[in-house]
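Everything below concerns the one structure shown next.
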Amino acid sequence: MPSDQQPVNVLLIGGGGREHALAKAISKSPRLGQLWVTHPSNPGLAALGKPVDVPVDIQEVYRLVQFCDHHEVGLVVIGPEGPLAQGYADALATENRLVFGPSAAAARLESDKGWAKEIMRGASIPAADSRTFDDADAASAYVESRNEPPVVKACGLAAGKGVFVCETIPQALDAVDRIMRQRIFGDAGKRVLVEERLTGPEASLLALVDGRNILFLPPCQDHKRLGDGDLGPNTGGMGAFCPASTIDTRTMARIESEIFVPAVDAMRREGAEFRGVLYAGLMLTPAGPKVLEFNVRFGDPECQVLMSRLESDALELLEATASGKLDEIEVRWNEQASVCVVLASQGYPDAPVTGVEIEGLGDAQAMDGVDVYQAGTAIDEHGRTVTAGGRVLGVTALGDDVAMARARAYEACAKIRFAGMQMRTDIAGSDVPATRA
Ligand code: AMP
Ligand code: GLY
């Protein structure tokens with residue numbers, strides 16, 4: 001048997017809905033040996049993999065390295081940005097072990113928005129004009145000097161909540177105050193970006209990148225605001241759908257040649273070759289597509305809608321990305337559309353209430369074409385499934401088109417109940433505003 005046909009043991013790092021979706025996709029691979037998971041407290045992950053029996057802590061990462069050596073892990077898949085920024089990929093990759101996910105140096109594209117702007121500027125990648133500040137007073141003075149209210153962003157990682165799109169100058173001053181002086185995101189707020197506010201439809205585009213080759217994934221759209229009509233605070237994402245039709249072929253070609261190709265080349269020139277998922281949050285402005293942000297991982301819940309549609313072997317796809325062989329494989333996607341509706345806890349995103357019993361999960365999961373991905377769930381001491389985080393479940397359904405997938409996803413959501421459950425009712429709806437003017 002050729003070596004690439006041997007069963008592959010996989011370690012999956014991360015514990016949310018994105019990782020549950022990845023675990024489920026990887027589990028379908030005929031080549032999977034043993035799947036190991038770092039977050040068995042998520043019952044979705046516990047059902048698919050065995051828990052690692054060493055701490056998952058970057059200070060003691062040698063123990064995870066030893067674990068991988070001992071259990072002959074051939075592929076490590078890193079879901080969230082935190083472990084990528086901390087350098088898990090660097091620590092775990094060896095000659096015999098592939099890692100899906102960028103090095104810490106390459107993950108800086110997401111973990112340091114100020115640096116990402118420098119890379120973009122250096123590579124002439126279109127993005128909002130911005131300035132970076134280490135000093136709160138200087139940032140405030142700059143905000144006050146502007147005619148238009150800007151967007152204020154914490155430069156570090158802030159769980160998708162570090163961006164303030166301000167309507168007025170006082171709001172922008174308040175954002176600087178909260179990020180830099182009150183440090184509501186901790187050290188992630190040591191530096192801020194004060195950025196021109198762009199207008200236009202938003203789109204996200206994700207691509208697998210193996211250092212050189214770029215393989216675009218079908219376009220997705222997520223819904224970041226908590227409330228219907230795109231109102232309320234920013235969240236990690238309250239739902240998503242795929243395919244999204246905001247990007248036409250001409251725009252797609254521009255995004256490839258003006259954004260992805262120069263970004264991937266710039267990273268190589270920086271000595272920070274990018275391997276993993278490169279996620280561009282874009283605004284399609286009258287002057288063309290511009291980058292709002294780069295992420296260095298699958299979006300959550302974009303990953304859920306993508307994995308539900310993936311027909312090819314996920315393990316092979318992740319391996320090809322990690323080993324620089326994306327040009328050798330073909331990816332097949334289900335013709336059907338998929339829609340994910342997130343069910344969140346009472347109090348999310350500020351202070352989610354946890355420990356609340358969830359009912360109806362099994363009924364929803366039993367529906368044809370439905371995957372209920374678990375994110376903030378746990379099993380309590382009585383064996384009940386309870387809420388354990390902000391975003392609790394990602395109810396994901398396939399359908400012949402987006403409208404049918406959407407109808408099925410909401411039908412599945414209607415079977416699930418927990419006290420204080422928050423759900424947007426307009427995910428993938430045609431009435432979702434496409435512009436933020
Ligand atoms: P980000 O986390 O950078 O994607 O920002 C979260 C959301 O804030 C985006 O989805 C946009 O809706 C909005 N946003 C970020 N940057 C800008 C900008 N320069 N102009 C207008 N809206 C923005
Ligand atoms: N859903 C947006 C993100 O994962 O950043």
State all residues of segment 151-160 that are surrounded by 17 or more Cβ atoms within 10 Å (Cβ to Cβ) and more than 8 Å from ligand 1 (Cβ to nearest atom); if no residue qualifies, say none. 152, 154, 155, 156, 157, 158
Please verify whether segment 189-202 includes one or more residues that are open to solvent by less than 40 Å² (accessible area, probe 1.4 Å), touching a residue at least 24 places away in the same chain (Cβ under 8 Å) and assigned to a helix (DSSP H, G or I). yes
Evaluate segment 319-328: report whether one residue or more is in contact with a Ser or Thr (Cβ under 8 Å, 6 or more places away or on another chain), open to solvent by less than 50 Å² (accessible area, probe 1.4 Å), closer than 24 Å to residue 219 by Cβ and not aliphatic (A, V, I, L, M). no
Only one of 338, 312 is open to solvent by less than 30 Å² (accessible area, probe 1.4 Å), part of a loop (DSSP other than H, G, I, E, B) and touching a Lys or Arg at 6+ places or on another chain (Cβ under 9 Å). Can you tell me which? 312
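Matching residues to (1) of a type in the set (A, V, I, L, M); (2) more than 16 Å from ligand 2 (Cβ to nearest atom):
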{"residue": "82", "(1), (2)": "no, no"}
{"residue": "87", "(1), (2)": "no, yes"}
{"residue": "94", "(1), (2)": "no, yes"}
{"residue": "98", "(1), (2)": "yes, yes"}
{"residue": "103", "(1), (2)": "no, yes"}
{"residue": "116", "(1), (2)": "yes, no"}
{"residue": "126", "(1), (2)": "no, yes"}
Quick check on my filter: what residues within segment 203-234 are closer than 30 Å to residue 322 by Cβ and either free of Cβ contacts under 8 Å to residues at least 24 places away in the same chain or within 14 Å of ligand 2 (Cβ to nearest atom) (or both)? 203, 204, 205, 206, 217, 219, 220, 221, 222, 224
Pick from 358, 379: which is open to solvent by 30 Å² or more (accessible area, probe 1.4 Å) and touching a strand residue (DSSP E or B) at 6+ places or on another chain (Cβ under 8 Å)? 379
Output for segment 258-293, where each listed residue is open to solvent by 30 Å² or more (accessible area, probe 1.4 Å), among the aliphatic types (A, V, I, L, M) and in a strand (DSSP E or B): 292
Would a scan of segment 226-234 turn up a residue that is out of contact with any Asp or Glu (no Cβ under 7 Å at 6 or more places or on another chain), at pLDDT 95 or above and within 13 Å of ligand 1 (Cβ to nearest atom)? yes
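Yes/no per residue for (1) without any contact (Cβ under 8 Å) to a residue 12 or more places away in the chain; (2) farther than 30 Å from residue 158 by Cα; (3) open to solvent by 40 Å² or more (accessible area, probe 1.4 Å):
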| site | (1), (2), (3) |
| --- | --- |
| 15 | no, no, no |
| 28 | no, yes, yes |
| 35 | no, no, no |
| 51 | no, no, yes |
| 70 | yes, yes, yes |
| 80 | no, no, no |
| 106 | no, no, no |
| 110 | no, no, no |
| 114 | no, no, no |
When every residue in segment 128-150 that is surrounded by fewer than 18 Cβ atoms within 10 Å (Cβ to Cβ) and part of a loop (DSSP other than H, G, I, E, B) is compared, the one nearest to ligand 2 (Cβ to nearest atom) is 129
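The values are calculated or read from the model by the stated rules, or taken from the named source; none is laboratory data. All values reported here derive from a predicted model rather than from experimental measurement. A quick note on method: Cβ atoms are made from the backbone with ideal geometry, for glycine too, and the neighbour counts reach across all protein chains shown. Side chains are part of the model used for accessible areas, which takes the heavy atoms of the whole protein and leaves out ligands, DNA and RNA. Shrake-Rupley method; radii C 1.70, N 1.55, O 1.52, S 1.80 Å.
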